[in-house]
Amino acid sequence: MSIQDQGRFGYRRLGVPQSGVLQPKFAKIANVLVGNHEDTALLEFFLTGPTFSLKEGTLRLAVAGDCLLEMTRNGKRRMFRAWRSITMQTGDTLQIGQVQSGKAGYIAVTDGFTMTSVMDSHSTYLRGGFGGLGGKLLISGSNLPIANQTATLERNMYLPSPPPAEIPGSSRESIACFPPATIRVIKGPQDDYFTKQTLNDFLQGVYTISKESDRMGSRLEGPLLTHRSDKSPEIVSDGIVPGAIQIPGNGAPIVMLADGPTVGGYPKIATVISIDLPKLAVMTPGSRLCFDAVTVDEAENLLRADRADLAALLATIVPLPDIAEPF
């Protein structure tokens with residue numbers, strides 16, 4: 001678990017990646033549920049959520065992700081779905097369960113956290129050791145500096161129709177029952193380093209997320225891709241963006257993610273389009289995927305439509321009816 005926001009932009013020329021949340025849509029939903037700006041810093045957790053204990057005061061938080069929540073108050077336990085805000089009181093304990101689809105969940109608190117911005121962002125960049133809470137992951141016993149420790153007494157908010165589960169969770173059963181996810185890409189910028197047959201192998205093959213994947217990049221297992229005989233498996237290092245798919249000498253694709261490097265020396269066969277990158281980024285090891293090529297114009301139209309869909313989804317957030325409070 002780490003503190004992230006929507007990312008650190010404008011510093012790639014200095015070798016600083018954007019970092020930020022792997023699933024921006026979920027993070028925005030969590031923030032809107034507690035009345036924050038969409039870019040407010042929040043907590044990103046993987047696979048299983050944390051347990052919080054509120055020592056004193058009143059706190060409002062929201063959880064976005066495919067998981068269940070259990071709050072203990074005065075010895076009594078109550079279950080909740082995520083995709084809503086919850087008001088905690090002195091002595092309450094909140095346990096956030098396992099993520100059932102994908103691997104990421106997000107926790108926002110009203111008015112966010114009190115911390116120093118680094119290069120215009122609160123995102124944690126682990127390899128650089130800066131941002132967030134001292135540039136480190138949050139561990140058991142971490143104390144979070146809350147900006148507003150007194151929540152208002154307004155009713156909690158919820159999202160009536162959460163985003164559908166498009167990818168499996170971490171269990172073998174869920175991975176086995178899901179078909180390969182389709183990830184759309186734009187060819188290049190170095191697709192000329194590969195033969196037509198290799199490009200066909202890339203687009204027709206099924207790949208699996210490797211265990212050697214993290215916020216820096218997802219390594220893929222599947223059809224190995226060979227470089228053209230008249231081309232080198234390395235290039236003069238040039239710029240890399242999140243979503244770029246590098247093909248090193250061993251032929252195993254690597255998809256760059258939020259904490260990925262800003263330059264690299266392997267040919268890039270394709271680049272994952274913006275709206276599909278979050279889906280790939282939160283896929284758990286063992287999950288399968290395949291690629292489909294689209295044009296730049298198609299990718300831009302898809303992005304515009306996705307932004308419109310998110311705005312419409314956020315507009316559906318409403319106060320939680322009293323009768324729905326227990327679950």
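Just a few scattered comments:
- Amide proton proximity set for Gly217, modelled H, under 5 Å, gap of 5+: Leu257
- Computed over neighbours whose Cβ is under 13 Å from that of Thr93, the net charge equals +3, Lys and Arg +1, Asp and Glu -1.
- Residues whose placed amide H lies under 5 Å from that of Leu320, excluding near-sequence neighbours: Asn156, Met157, Tyr158
- Coupling constants for region 280-294 follow from the phi torsions by the Karplus curve (6.51 cos²θ - 1.76 cosθ + 1.60, θ = phi - 60°), and in residue order they are 5, 4, 9, 6, 7, x, x, 5, 10, 8, 9, 10, 9, 7, 10 Hz; glycine and proline get x.
- Fully extending the segment from Asn200 to Val318 would add 37.8 nm, taking 0.36 nm per residue of separation and subtracting the current Cα-Cα distance.
- Compactness of region 172-294 was expressed as the Cα radius of gyration divided by 2.2 N^0.38 Å, which yields 0.99.
- Computed label-point distance, nm, for sites Leu47 and Leu303 using a 7 Å Cα→Cβ extension: 3.3 nm
- Cα centroid separation, region 203-220 to region 8-42 (Å): 23 Å
- Sites Thr90 and Thr226 - FRET efficiency at Förster radius 51 Å, r taken between beta-carbons, to 0.05: 0.20
- Directionally averaged projected area (convex hull, Cα atoms, the chain), nm²: 17.1 nm²
- Shown in residue order for region 224-231 are the 3J(HN,Hα) couplings computed by the Karplus curve 6.51 cos²θ - 1.76 cosθ + 1.60 at θ = phi - 60°: 7, 10, 9, 7, 4, 5, 8, 10 Hz (x for Gly and Pro).
- Normalising the average separation of contacting C-alpha pairs (under 8 angstrom, six or more residues apart) by the number of residues puts the relative contact order of region 172-294 at 40 percent.
- Built amide H within the under 5 Å cut-off of Tyr266, gap 5+: Ile235
- For Asp214, net neighbour charge (Lys/Arg +1, Asp/Glu -1) across residues whose Cβ lies under 12 Å away: +3
- Extension gain from Val263 to Ser117, taking 0.36 nm per residue of separation minus the Cα-Cα distance: 50.1 nm
- The Met216 and Ile139 beta-carbon pair, evaluated with R₀ = 25 Å, returns a calculated FRET efficiency of approximately 0.80.
- Remark: spin-label model distance Ile235-Arg77 equals 5.4 nm, labels positioned 7 Å along the Cα→Cβ axis.
- Candidate lysines - alpha carbon under 27 Å from Lys268, same-chain residues fewer than 8 apart omitted: Lys25, Lys103, Lys187, Lys196, Lys211, Lys231, Lys279
The numbers here are math on the coordinates, done by the rules we state, and not lab data. Predicted model, so just to flag it, every value in this text is computed and none were measured. Backbone-built Cβ (ideal geometry, glycine too); neighbour counts: all protein chains shown.
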